[in-house]
Amino acid sequence: MGTTSRVALVTGAAQGIGAAVARLLAADGVAIAALDMNEVGLASVVEELRVRGCKAAGYRVDVSDSAAVEAAVERIEREQGPLSILANVAGVLRMAPTVSLSDADWAATFAVNTHGVFHVSRAVARRMVPRREGVIVTVGSNASSVPRMQMAAYAASKAASTMFTKCLGLELAQHGIRCNVVSPGSTDTAMQRALWTDERGAEAMIAGSPETFRVGIPLRRIATPDDIARAVRFLASDEARHITLHDLCVDGGATLGA
């Protein structure tokens, strides 16, 4: 895939899609710098990768803290070498009807999903530009293009990070740096399962919900974290060397290509 001997920074790497991205890139020979606030999960993923013979290190970092991000990226490059790949996966979900959504939930959502993407991308891009090499992939959401009930903060934050990544890609193209987005739909993660009210949660997501104006999933299945990670892996590889400013929707057709 053209990723061997590279170093990748993966945010949100302690679980779900982030952990899946770290595993797939590591399997290709990429050294992994895993970032997360979940120390237990982070340590588990890093240990798993090391047992497999992969080079990996964990860093407890709050991506909403600009200074902490800058210090972490500096440390990673000092300890592991120049970063060639950045996968922005860290994200949070705070659901509520917009009229009752608190200031704190709105701010917390943007702090991670939007500001975090900006902080990490800026710190990494500053170092990629002089080297004229690198790939940035942001994991967004299909909710950034289709309205969702009780998800105004999440959808808006993901839409913002999606457009930010495209603008960044336009600016960095002259330096040979590619920036793309992967937009998942319903994926079997802890975040998704928190939305389910019973053991039939997956079936409900697949069937859709007319009362919330949500169509079902035409492929009749919920995505796995690996389904999303494979898309990230592709866009980070030389197989996608002429793809930039692209938003790859991986949702089983749930947004009907919108």
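Coordinate-derived values only; no laboratory data. Note that the coordinates shown come from a computational prediction; the quantities given were computed from them, not determined experimentally. Every residue, glycine among them, receives a Cβ derived from its backbone with ideal geometry; neighbour counts consider all protein chains shown.
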Original post:
Can you name every residue in the stretch 18-42 that is touching a strand residue (DSSP E or B) at 6+ places or on another chain (Cβ under 6 Å) and in a helix (DSSP H, G or I)?
Top reply: 18, 21, 22, 25, 26, 39, 42
Original post:
Just to be sure, is residue 234 aromatic (Phe, Trp, Tyr) and either over 24 Å from residue 105 (Cβ atoms) or assigned to a loop (DSSP other than H, G, I, E, B) (or both)?
Top reply: yes
Original post:
Exactly one of (1) out of contact with any strand residue (DSSP E or B) (no Cβ under 8 Å at 6 or more places or on another chain); (2) within 22 Å of residue 40 (Cα to Cα) is unmet by residue 118. Its number?
Top reply: (2)
Original post:
In the stretch 210-258, which residues are polar (S, T, N, Q) and touching a Gly at 6+ places or on another chain (Cβ under 9 Å)?
Top reply: 237, 244, 255
Original post:
Scanning the stretch 209-256 for residues that are closer than 18 Å to residue 187 by Cβ and of a type in the set (Lys, Arg), which turns out surrounded by the fewest Cβ atoms within 10 Å (Cβ to Cβ)?
Top reply: 220
Subject >> Selection within the stretch 1-17 - within 11 Å of the chain's Cα centre (by Cα), at positive phi and not in a helix (DSSP H, G or I) >> reply: 12
Original post:
Can you name every residue in the stretch 237-257 that is touching a residue at least 24 places away in the same chain (Cβ under 8 Å) and part of a loop (DSSP other than H, G, I, E, B)?
Top reply: 237, 241, 243, 244, 245, 246, 251, 252, 253, 254, 255, 256
Subject >> Number of the condition not met by residue 60 [criteria: (1) among the basic types (Lys, Arg); (2) touching an Asp or Glu at 6+ places or on another chain (Cβ under 9 Å); (3) within 22 Å of residue 233 (Cβ to Cβ)] >> reply: (3)
